[in-house]
Each structure stands twice: as structure tokens, then as C-alpha cells.
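To start, the structure itself, in C-alpha cells.
Just so it is clear, none of the values below were taken in a lab; they were calculated from the coordinates. Model, not experiment: these values are computed from the prediction. Cβ: placed from backbone, ideal geometry, glycine included. Neighbour counts: every protein chain shown.
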Amino acid sequence: MAKKLYVGNLAYSTTEEQIRDLFSQVGEVDSVALITDRETGRAKGFGFVEMNTEEGSQEAIRRFNGYTLDNRTLTVNEARPREERSGGGGFNRGGDRGYRSDRNDRGGNRRF
């Protein structure tokens, strides 16, 4: 059964071909996907490798976690399912337009 691996701390210049060549040293690689920013198209410094077998996956983790590629120490581990994001994006989408009562408290009871 194929296993998806997370590969982190990649140099922005690292290519999918380099990753495929590296990981094929320990087993058959099904796919390589380096993640890029949607808006700029620039590399984000991490990606995913799908190995053909469980044995290949475990050997890749053992051999390449801590491995140096393009002067960067790689992080390689089993990929976890993507966490659901809240739709808020960290800023206020409500109708109060960022009103903070503690900033406008005229009674001298400011909270910081």
C-alpha cells in the first residue's frame, strides 16, 4: 500500500525531479508534489512524496529525515491528513467592523 510522506525544509530552488531522484534510491516513487503559493507561484519549501510500498516509505523516513539537500536539513515523516480550516482567515468578517469596547470605554476601565 502506498504511503504519503511529508518533506519539509526544502530550499525554494529544489525541484520535483531532485526529490524523485533522491527518494527513488529507496523504492518506487508514485508521485512528487512540491507546494507553491497560489498567488505568486513561488515554492513554499515543502511537499509530498508518495512511495509505492510501506517498506519504501519507512526506509525513506529512516534515511532522509535529517538528510542535507541544497544546504538544508530535510524533515521527512508520514503525512497527516489536512486539517479543516475555519473560514474566518483570522480577521473579523462580522458587521461590527473591528469595534473593541475596551478601547472606547469612557469609564476608565480599559483592559489591555
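Using DSSP to define loop residues, name the GluC sites (Glu not before Pro) in segment 1-50 whose beta-carbon has at most 16 other beta-carbon atoms within 10 Å. Mind dumping the intermediate values first?
On the way: sites: Glu16, Glu17, Glu28, Glu39, Glu50; in loops: Glu28, Glu39.
Here the GluC sites (Glu not before Pro) that fit, given the DSSP loop and packing criteria, are Glu28, Glu39.
Please list, in chain and number order, the residues 5+ apart from Asp30 or on another chain whose amide H is under 5 Å from its amide H, with Hs placed from the backbone.
It is Glu50, Met51, Asn52, by chain and number.
May I ask you to evaluate 6.51 cos²θ - 1.76 cosθ + 1.60, the Karplus curve with θ = phi - 60°, for each residue of segment 45-55 and list the ³J(HN,Hα) values in order in whole Hz, giving x for glycine and proline?
x, 8, x, 9, 10, 9, 8, 6, 10, 4, 4
Based on alpha-carbon positions alone, could you give the equivalent ellipsoid semi-axes of segment 3-70 from the gyration tensor, as √(5λ), descending, whole Å? List each step's numbers first, then the result.
Values: eigenvalues 88, 30, 18 Å².
They are 21, 12, 9 Å, listed from largest to smallest.
Taking segment 14-89, which chymotrypsin sites (Phe, Trp or Tyr not before Pro) meet the DSSP loop condition and have no more than 14 other C-beta atoms within 10 Å? Walk me through the numbers before you get to the answer.
Working: sites: Phe23, Phe46, Phe48, Phe64, Tyr67; in loops: Tyr67.
Those that pass, being in a loop and sparsely packed, are Tyr67.
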